[in-house]
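Trainee: Have a look at the structure that comes next, please.
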Amino acid sequence: MDKEFFLQKKKIEKSKKRFLHLQIMAVLGVSCGFHDASLTVLDGDQIKFAAHSERYSKHKHDKNLSPKLIEQALKYNITEVAYYETPWLKQMRCWYAGQGMDWKYTRLNNVLKNQFGPYYKEIEHLPKQYYRHHLSHAAAGFQTSKFDDATVVVVDAIGEFDCLTIWDAKYVNGKAQYKKVFTRRYPHSLGLFYSAMTGRAGLKPLDEEYILMGMSAFGNPHLEKMDEIIEDKFDIRFKTNCHLGLQHWHPELTEIDVATSAQYEFQLLMQNVWKIARDKGSSDNLVYMGGCALNCVANEEIGLFFQNIWIMPNPGDAGSSLGAAALTYGGRVDWQNPYLGEEIKGEYPVNQVLETLLDTGICGVATGRAEFGPRALGNRSLLADPRSPGMKDRVNNIKRRQQFRPFGPAILSEQVENYYEMPVGWQDSPYMQVIARVQSGKKIMKGIQYPAVIHADGTTRVQTVDQHMNPGFRALLEKWFIITDCPILLNTSLNIRGEPMVNTRADADRFTLEYGVPVWS
């Protein structure tokens, strides 16, 4: 009896030590080297900090870690480092693609030395781990979801070799486990195809794909011509540089028609992906990750194939710093909201913003912690009155954008069904991840009252705002609704085309000085 008691006591003490280790373990997740570098600090299941390098360096889609970002992350007690992809395999793919191979960067320590510079000495002694690129994407999605099991789909331009993967994910004894059930490898890439079409349409690949998506509402699809590249779509042309060799492809097609055709074909191809995922996956819960998950037009169709949908608000490479950290932690991450970056202290400036909107119709807000992800969701936003027919052009002029570019509405969550037709499977859209429609049924009369947030095809990328995620932004919308009988504000990112979003109060002051728009904190 005494022996049994002693063994049981040792077992309990061992469990306590393991639990305490989980509680104090601060993992530094790292994503860098290709585009959209980021860092995440994960302490147990708590996300302490997660931010984009571009917000500090001021270089859009910066692939390198900014010293200012590193300084912010290293304020925490880091005990481990997790890297989002496998360096030696990445270099092998570069060699295979004819881009050369840098042997120095086949080793993780050398990659980190190069990226961290003089700060490397602060992490040099720590244990380090790296993971496969697509697995980091998958973990960033599944381990932040509320699902106990899920079919995980990852679609991007390219990882090491994988370009599309499907996984069965579940928790076993509290630890996330992943089984890959389908893969398509380089050069067969939906993401590279869409980037190639972005270049063909006169835009910047790996940057302005979202503009191509907006252009697609205006043209006519030429599927018989698009099929020529689709049929041998991911051939040798994509192995060197997918953005070259297409400038003169069907020169009679306008850039607008290229955009429309590319978007249409992308959606057809994604329908095949959803069918495969539904057949090969074992769960009706879908987690969708990778840069292609930002295509909110194509996301409209996901609910036809899956019952429940989760797209982590930062599904591209920047979000994979969180994925790598989550893999090292192993368990479910306590996702509360996307406000995880640089903090501007103070209460949400509800009254100041409200007064300015009522007076001039437009102002900025930079308060609280910055959004982790490419969408401005109320803390680094440019807000405007959506009722004015000329407001879209006015905001596009301020942001130095093309006049056709659309804007989305932020709307009180309980009001969305009164104005928009949400797609099947999407009851709400707190992260601006899917389009809604305003041109059918009784909602048309209410929807057209707000022309500044309606695109040419009668769609809009909606953000539903509830009390839980951002109480300050919610309070602003509530007061706006009471005064104007309009539950909607135009919401776009607080930046100028080609620049990252405002990050600090100094950035906000510069924005006001240069562009004449007051920004409240």
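Each value in this text was obtained by applying a stated rule to the coordinates, not by laboratory testing. In this text the structure is predicted, and so the values were computed from the model without any measurement. Positions of Cβ are generated from backbone atoms using ideal geometry, with glycine treated the same way; all protein chains shown enter the neighbour counts.
Trainee: Add -39500 (n - 2.57) for each DSSP H run of 4 or more in the chain, then divide by its residues: what number comes out at 222 nm, to the nearest 500 deg cm²/dmol? Let's see the in-between values first.
Mentor: On the way: 18 runs with 183 residues, N = 521.
Calculated from helices alone, the mean residue ellipticity at 222 nm is -10500 deg cm²/dmol.
Trainee: Please give the length that would be gained between PHE404 and ASP466 if that part of the chain were fully extended, namely 0.36 nm times their separation in residues minus their C-alpha to C-alpha distance (nm, one decimal).
Mentor: Result for the pair: 19.4 nm of gain on full extension.
Trainee: If you don't mind, there's one more thing I want to ask. Please work out whether region 292-430 counts as rounded, prolate or oblate from its C-alpha gyration tensor, where a ≥ b ≥ c are the square roots of the eigenvalues and a/c under 1.5 means rounded, while otherwise a/b larger than b/c means prolate and anything else oblate?
Mentor: oblate
Trainee: If contacts are Cα pairs under 8 angstrom and at least 6 residues apart, what is the relative contact order of region 24-94 in percent?
Mentor: Computed value for region 24-94: 35 percent relative contact order.
Trainee: For region 308-325, just list the computed ³J(HN,Hα) in residue order, Karplus coefficients 6.51, -1.76 and 1.60, θ = phi - 60°, integers in Hz, with x standing in for Gly and Pro.
Mentor: Residue by residue, region 308-325 yields 10, 10, 9, 10, 4, x, 10, x, x, 4, 4, x, 6, 5, 5, x, 5, 5 Hz.
Trainee: So for the chain, taking the charge dipole from beta-carbon charges (+1 Lys/Arg, -1 Asp/Glu), which of LEU513, VAL181, SER216 sits furthest toward the positive end?
Mentor: Of LEU513, VAL181, SER216, it is VAL181.
Trainee: Right, another one. Mind checking the log10 I(q)/I(0) for the chain at q = 0.08, 0.11, 0.13 Å⁻¹? Debye, one equal scatterer per Cα, no solvent, two decimals.
Mentor: The computed values of log10 I(q)/I(0) come out as -0.51, -0.97, -1.37.
Trainee: For LYS63 and LEU304, what does the FRET efficiency come to when R0 = 51 Å and r is the distance between their Cβ atoms, rounded to the nearest 0.05?
Mentor: 0.90
Trainee: How far apart, in nanometres, would the label points at GLN46 and THR360 be if each is projected 7 angstrom from Cα along the Cα-to-Cβ direction?
Mentor: In this crude label model, GLN46 to THR360 measures out at 3.9 nm.
Trainee: Amide H neighbours of VAL434 under 5 Å, at least 5 residues apart or on other chains, H built in the peptide plane: list them.
Mentor: Hits under the 5 Å cutoff: VAL462.
Trainee: Quick one: of the DSSP bridges fully inside the chain, what percent are antiparallel, nearest 5? Walk me through the numbers before you get to the answer.
Mentor: Working: 49 of 68 bridges.
Roughly 70 percent of the DSSP beta bridges within the chain come out antiparallel.
Trainee: Put +1 on the Cβ of each Lys and Arg and -1 on the Cβ of each Asp and Glu in region 58-197; which of LEU135, TYR96, THR151 then has its Cα farthest toward the positive end of the dipole?
Mentor: Result: TYR96.
Trainee: Over the chain, what is the mean sequence separation of C-alpha contacts under 8 Å (at least six apart), divided by residue count, expressed as relative contact order in percent?
Mentor: Relative contact order for the chain comes out at 16 percent.
Trainee: Using amide H atoms built in the peptide plane, which far-off residues or other-chain residues are under 5 Å from TYR130 H to H?
Mentor: For TYR130, whose amide H was placed from the backbone, the distant partners under 5 Å are TYR83.
Trainee: Taking region 142-197, which trypsin sites (Lys or Arg not before Pro) meet the DSSP loop condition and have no more than 10 other C-beta atoms within 10 Å?
Mentor: Taking region 142-197 and a limit of 10 other Cβ atoms within 10 Å, the loop trypsin sites (Lys or Arg not before Pro) found are LYS146.
Trainee: Subtracting the Cα-Cα distance from 0.36 nm times the residue separation, let me have the gained length for ASP207 to ILE276 in nm, one decimal.
Mentor: Contour length minus the Cα-Cα distance gives 22.0 nm.
Trainee: Counting Lys and Arg as +1 and Asp and Glu as -1, each charge on the Cβ, what is the dipole of the chain about the Cα centre in debye, to the nearest 20? Provide the component values of the computation, followed by the final result.
Mentor: Working: 61 positive and 59 negative charges, 310 e Å.
That gives the chain a dipole magnitude of about 1480 debye.
Trainee: How far apart, in nm, are the 7 Å Cα→Cβ label points at CYS94 and ALA456?
Mentor: With each label point 7 Å from Cα toward Cβ, the separation is 4.0 nm.
Trainee: Could you point to the residue in PRO487, VAL434, ILE454 farthest towards the positive end of region 369-521's charge dipole, with +1 and -1 charges on the Cβ of Lys/Arg and Asp/Glu respectively?
Mentor: So the residue furthest toward the plus end is ILE454.
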